[in-house]
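Engineer: Take this structure, written in structure tokens, and hold onto it; I'll ask about it next.
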Amino acid sequence: VVLVVDFGAQYAQLIARRVREARVYSEIVPHTMPVAEMLAKKPKAIILSGGPSSVYADEAPHVGRELFDAGIPVLGICYGFQAMALALGGTVANTGLREYGRTPLSVTRSGSTLFEGTPADQPVWMSHGDACSEAPEGFTVTATTERAPVAAFENDEKHLYGVQYHPEVMHSTHGQQVLEHFLYRGAGLEPSWTTQSVVEESVEAIREQVGTKRAICGLSGGVDSAVAAALVQKAVGSQLTCVYVDHGLMRKGESEQVEKDFVAATGVQLKVVDAERQFLDALEGVSDPEQKRKIIGREFIRVFEKAASEIVAEAGAHGESVEFLVQGTLYPDVVESGGGTGTANIKSHHNVGGLPEDLQFRLIEPLRRLFKDEVRMVGQELGLPEEIVQRQPFPGPGLGIRIVGAVTKERLDLLREADAIAREELSAAGLDREIWQCPVVLLADVRSVGVQGDGRTYGHPVVLRPVSSEDAMTADWSRLPYDVLAKISTRITNEVDEVNRVVLDVTSKPPGTIEWE
Ligand code: XMP
């Protein structure tokens, strides 16, 4: 494993992803982790990320020298570079000369470990106020910029390297190459972390965890639960039963797709539970988003518990029970909630909208080390059909959190129609791969005046929320072509009763989240 030490900026996740793109497994650890604990993980290399603070700020996190004396190759980036310079006796000064954004870098040692084969002049992405003015003893300066006399250094003998800029962002055009040079040349690692190896390791780990016990997995129609289920199915076969809860909050065609495509592709045992009445009754009159999520999560678990005892009874396995619940928790969820190794964290609950405290299942989370794009690759490796693997994300609580206001069957039907039209037109325009997802939101408590035919209408607006994103942590609104927007708007207002207005959400995340609730 390569450890990426997070100094609190946004960059650690990106670095971890880039390392994995180089086919080397990486994990993020907080900078507050004691060095001894980091070393206990036996990392093959360590990368110190950028951070928001100046190394001279009062509460600036420091790096103990022992990290550099352990014989493990280290790459310091931005803040990590400066912290490394300071710890090893170099000089970092507040020069008052800031560099932000695209900056020309001059490579001064073309044959250096990090820069070999890259151009003498290359654009890099900078973001710093302080600058390293003198490299520590034993280090060679390998690149400079106008305002950073030491923009990169290396000590090949000790396998210690540093760059002031951000190689992980795409604006640093040779950044990935420099990272790979560090991993392969500096740290002597092999690009051996492949989708195939991920599948093999996961299958092995699941077999060990489950033993001869039974597991169930809730299928939501989304990519994550499908891939998690397919992995567990590969590992323990008929010990797994998938449960598809038709809670009435699904999109049009969703249930048919799960029942047909997924079962056909995996041969998994599927139990379909019709729970529409149960969910709608529980949600009656509730408009608070958090309350909705909690109710939906609670009802899910009730259904799972009931399904579990039915599965045991149907198998004639009296006295047994279903021990495990499979969840499609992803790595960003784990990192966001503190990167802990325990099974309980806030965001895994987020998968089904909030698990109750007294959960009678133990969790299996086979995707908790993976990013979304890696999950899709694993799905492909497992032979899942394109329609499932490339699907846009859909939240566990479904359309329940896309109706602003109380959830009713009538409102759900309206939203289902509007959503189906938007999806159809986006697909027809070939935009599926370009957008991350496009929630359609019904503002059920808002009415506006319109005119249709010769008459006045007093209907509801729907919001289109097309976003582009790499991992849903941040997102930007998608600039959809006007003619596609026009088509969606015309069709929705013509074909969906009660909807007389279509509006476009042009908010990025942050400050908006992707979903409205
Ligand atoms: P937000 O709205 O937090 O959403 O920007 C980020 C991504 O997560 C999805 N999402 C959920 N997925 N259960 C899920 O499985 C949930 O409770 C949930 N809430 C949001 C959302 O669709 C987006 O892709």
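Computed from the coordinates by the stated procedures, all read-outs in this text should not be read as laboratory data. Here the structure is a predicted model, which is why all the values come from computation and not from measurement. With ideal geometry, Cβ positions are generated from the backbone for all residues, glycine too; neighbour counts draw on all protein chains shown.
Engineer: Which FRET efficiency, nearest 0.05, do Asp58 and Met170 yield, Cβ-Cβ r, R0 30 Å?
Structural biologist: After rounding to 0.05, the efficiency reads 0.35.
Engineer: Another question about this same structure. When N is the residue count of segment 392-517, what does its C-alpha Rg come to as a fraction of 2.2 N^0.38 Å?
Structural biologist: 1.02
Engineer: Kirkwood hydrodynamic radius, segment 195-389, all distinct C-alpha pairs: what's the number in Å?
Structural biologist: Working: mean 1/r = 0.0588 Å⁻¹.
Roughly 17.0 Å, rounded to one decimal.
Engineer: Same structure, new question: Return the calculated 222 nm mean residue ellipticity for the chain, to the nearest 500 deg cm²/dmol, obtained by summing -39500 (n - 2.57) across DSSP H runs with n ≥ 4 and dividing by the residue count.
Structural biologist: -9500 deg cm²/dmol
Engineer: Within the set Lys213/Lys372; Lys41/Lys294; Lys260/Lys372, which residue pairs have Cα atoms separated by over 32 Å? Before the final figure, lay out the partial values.
Structural biologist: On the way: Lys213/Lys372 28 Å; Lys41/Lys294 37 Å; Lys260/Lys372 24 Å.
Listed pairs above 32 Å: Lys41/Lys294.
Engineer: Could you check the simple spin-label distance between Arg456 and Arg479, using points 7 Å along Cα→Cβ, in nm with one decimal?
Structural biologist: For the pair Arg456/Arg479, the computed spacing is 4.1 nm.
Engineer: What's the whole-number percent of alpha carbon pairs in segment 2-186 lying beyond 29 angstrom?
Structural biologist: Considering segment 2-186, 9 percent of its Cα-Cα pairs are separated by more than 29 Å.
Engineer: Counting alpha carbon pairs within less than 8 Å and at least 6 residues apart, what relative contact order, in whole percent, applies to segment 230-333?
Structural biologist: Working: 82 pairs, mean separation 26.3, N = 104.
Dividing the mean separation by the residue count of segment 230-333 yields 25 percent.
Engineer: How far, in degrees from 0 to 90, does helix 223-236 lean away from the longest principal axis of the Cα atoms of the chain, to the nearest 10?
Structural biologist: It works out to around 90 degrees.
Engineer: Give me Glu201, Glu374, Glu137 sorted ascending by neighbouring Cβ count inside 10 Å, so fewest comes first.
Structural biologist: So the ranking, lowest neighbour count to highest, is Glu137, Glu201, Glu374.
Engineer: Which one, Thr329, Gln196, Leu363, is farthest towards the positive end of the dipole of segment 195-389 when Lys and Arg carry +1 and Asp and Glu -1 on their Cβ?
Structural biologist: Leu363
Engineer: Taking the number of other C-beta atoms within 10 Å as the exposure measure, put Ile46, Ile311 in order starting with the fewest.
Structural biologist: Ranked by crowding around the Cβ, least crowded first: Ile311, Ile46.
Engineer: Over segment 197-243, what per residue volume does the convex hull of the Cα atoms give, in whole Å³?
Structural biologist: Working: hull volume 2.7 nm³, N = 47.
About 58 Å³ per residue, rounded to a whole number.
Engineer: Towards the positive end of the charge dipole of segment 1-143, with charges on Cβ (+1 Lys, Arg; -1 Asp, Glu), say which of Gly64, Ala16, Met33 has the farthest Cα.
Structural biologist: Working it through, the farthest residue towards the positive pole turns out to be Ala16.
Engineer: Roughly what angle does helix 195-210 make with the longest principal axis of the chain, taking Cα atoms, 0 to 90 degrees, to the nearest 10?
Structural biologist: Taking Cα atoms only, the helix is inclined about 60 degrees.
Engineer: Cross-link partners among aspartates and glutamates for Lys42, C-alpha distance below 19 Å, same-chain residues fewer than 8 apart left out?
Structural biologist: Here the aspartates and glutamates satisfying the reach criterion relative to Lys42 are Asp6, Glu27, Glu66, Asp69, Glu190, Glu201.
Engineer: With +1 assigned to the C-beta of every Lys and Arg and -1 to the C-beta of every Asp and Glu, and no other charges, what is the dipole magnitude of the chain about the Cα centre in debye, to the nearest 20?
Structural biologist: Here the chain has a charge dipole of around 100 debye.
Engineer: Does anyone have the angle between helix 409-428 and the longest principal axis of the chain? Alpha-carbon axes, 0 to 90°, nearest 10?
Structural biologist: So the helix axis and the longest Cα principal axis differ by about 50 degrees.
Engineer: On to the next question. Give, rounded to the nearest 20 debye, the magnitude of the charge dipole that segment 190-274 has about its Cα centre when Lys and Arg contribute +1 at Cβ and Asp and Glu contribute -1 at Cβ. It would help to have the intermediate numbers written out before the result.
Structural biologist: On the way: 8 positive and 12 negative charges, 60 e Å.
The dipole magnitude comes to about 280 debye.
Engineer: Just tell me which lysines come within less than 22 Å, Cα to Cα, of Lys487; anything on the same chain fewer than 8 places away is out.
Structural biologist: Lys252
Engineer: To continue, here is another question. Using per-residue counts of other Cβ atoms within 10 Å, averaged over each peptide, order 226-234, 359-367, 9-17, 313-321 from highest down.
Structural biologist: 226-234, 9-17, 359-367, 313-321
Engineer: Also, I was wondering about something else. In nm, give the distance between the simple-model label positions of Gln390 and Arg302, each being 7 Å from the Cα along the Cα-to-Cβ direction.
Structural biologist: Here the answer is 4.0 nm between the modelled labels.
Engineer: Over the chain, what relative contact order in percent results from Cα pairs under 8 Å that are six or more residues apart?
Structural biologist: 10
Engineer: Still on this structure: Only four residue types carry charge here, +1 at the Cβ of Lys and Arg and -1 at the Cβ of Asp and Glu. Report the dipole size of segment 195-389 about the Cα centre in Debye, rounded to the nearest 20.
Structural biologist: It comes to approximately 180 debye.
Engineer: List the extent of the Cα atoms of the chain along each of their three principal axes, largest first, rounded to whole Å.
Structural biologist: Projected onto its principal axes, the Cα set of the chain covers 75, 66, 40 Å.
Engineer: Let me ask something additional. Sort His171, His181 so that the residue with the fewest other Cβ atoms within 10 Å of its own Cβ comes first and the one with the most comes last.
Structural biologist: Working: His171 14, His181 23.
Least to most surrounded, the residues fall as His171, His181.
Engineer: Continuing with this model, one more query. Can you report the principal axis dimensions of segment 90-246 using only the alpha carbons, biggest first, rounded to whole angstrom?
Structural biologist: Taking max minus min along each principal axis of the Cα atoms, segment 90-246 gives 63, 36, 27 Å.
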